[in-house]
1. How much length is gained if the chain between residue 171 and residue 43 is pulled fully straight, taking 0.36 nm per residue apart and subtracting their Cα-Cα distance, in nm to one decimal?
2. Tell me whether the stretch 1-145 comes out rounded, prolate or oblate; compute the Cα gyration tensor, take square roots of the eigenvalues as a ≥ b ≥ c, and use a/c under 1.5 as the rounded threshold.
3. Using only helices, what value at 222 nm comes out for the chain when you add -39,500 (n - 2.57) per DSSP H run of length 4 or more and divide by the total residues, to the nearest 500 deg cm²/dmol?
4. Could you tell me which of 62, 15, 30 has its Cα farthest along the dipole of the chain towards the positive end, charges placed at Cβ (Lys, Arg +1; Asp, Glu -1), taken about the Cα centre?
5. In whole angstrom, how far apart do the alpha carbon centroids of the stretch 1-40 and the stretch 133-212 sit?
6. Name the GluC sites (Glu not before Pro) in the stretch 147-179 that are in a loop by DSSP and that have at most 16 other C-beta atoms within 10 Å, would you?
7. To the nearest 20 Debye, how big is the dipole of the chain about its Cα centre, given +1 on the beta carbon of each Lys and Arg and -1 on that of each Asp and Glu?
8. Hey, can you grab everything whose amide H is under 5 Å from the amide H of residue 195? Only 5+ residues off in sequence or another chain; H modelled, so Pro and N-termini drop out.
Amino acid sequence: MLYLVPTPIGNLQDISLRAIETLKKADLILAEDTRTSIKLLDHYQIRQPLSSFHQHNEHQQLQRVIDQLSAGKTIALISDAGTPGISDPGFLLVRECLRAGIKVECLPGATAFVPALINSGLPANRFCFEGFLPLKKGRQTLLKKLALEERTMIFYESPVRLVKTLKDFIEYFGGSRECSVSRELTKLFEENKGGTLQEVLDHFNTKTVKGEIVIVVAGLPD
């Protein structure tokens with residue numbers, strides 16, 4: 001059986017008792033970055049075998065993992081933070097497990113875009129999650145399409161590309177579109193900055209940005 005186990009997006013206490021129990025009973029834990037995950041596992045005294053499973057090796061590791069699951073092993077998949085499969089490795093493995101008749105269970109838990117969406121104050125009854133925008137190919141085409149999106153939009157971004165992405169949003173959505181940027185969610189220096197795209201750009205254009213970023217942008221006004 002394969003378990004997808006959400007891990008904290010910042011504060012190590014934001015993990016469920018069930019997640020800890022599942023990790024402790026697994027025969028093997030697959031981690032996006034073992035160096036990152038070992039801190040969480042050590043904190044909760046979880047000593048199960050650990051193996052890397054990330055976007056650069058998942059194709060090579062896929063069949064080996066399927067073989068282990070087919071042989072009766074219980075495997076837990078975790079990412080660096082949040083829920084596996086949400087802008088993190090997991091989709092390919094889940095798909096192959098289902099094709100092979102292997103049971104898959106995803107535990108409920110942390111994912112960064114939910115608190116960012118709620119903190120934004122923008123409509124949360126209808127929204128679309130876009131994850132990371134393409135860096136080059138297809139970026140302009142997607143932005144043109146999203147300029148007409150009526151639902152609240154959610155994006156992930158790296159701190160080094162935040163200002164560029166905000167400038168792109170202004171170009172395609174207009175500087176008066178409402179938005180919110182959340183960074184370092186659940187951590188000591190958590191920040192949620194809302195306003196128009198232009199106001200938020202002016203705020204981050206004058207400072208060094210650190211931490212994981214979630215951008216929430218209002219949909220096209222009626």
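1. On the way: separation 128, 0.36 × 128 = 46.08 nm, distance 4.50 nm.
Between residue 171 and residue 43, full extension yields 41.6 nm more.
2. Values: a/c = 1.95, a/b = 1.36, b/c = 1.44.
Note, shape of the stretch 1-145 comes out oblate.
3. Values: 8 runs with 77 residues, N = 222.
My calculation for the chain gives -10000 deg cm²/dmol from helical runs alone.
4. About the Cα centre, the residue reaching furthest to the positive side is 62.
5. Centre-to-centre (Cα) distance: 29 Å.
6. Working: sites: 149, 150, 157, 171, 178; in loops: 149, 150.
Counting only loop positions with at most 16 other Cβ atoms within 10 Å, the GluC sites (Glu not before Pro) in the stretch 147-179 are 149, 150.
7. Details: 27 positive and 26 negative charges, 83 e Å.
With only Lys, Arg, Asp and Glu charged at Cβ, the dipole is about 400 debye.
8. Result for residue 195 returns 179.
Here, each number is a calculation from the coordinates, and none is a lab measurement. Owing to the predicted nature of the structure, the values given are computational and were not obtained by experimental measurement. Quick reminder, even Gly has a Cβ in these numbers, built from the backbone with ideal geometry, and neighbours come from all protein chains shown.
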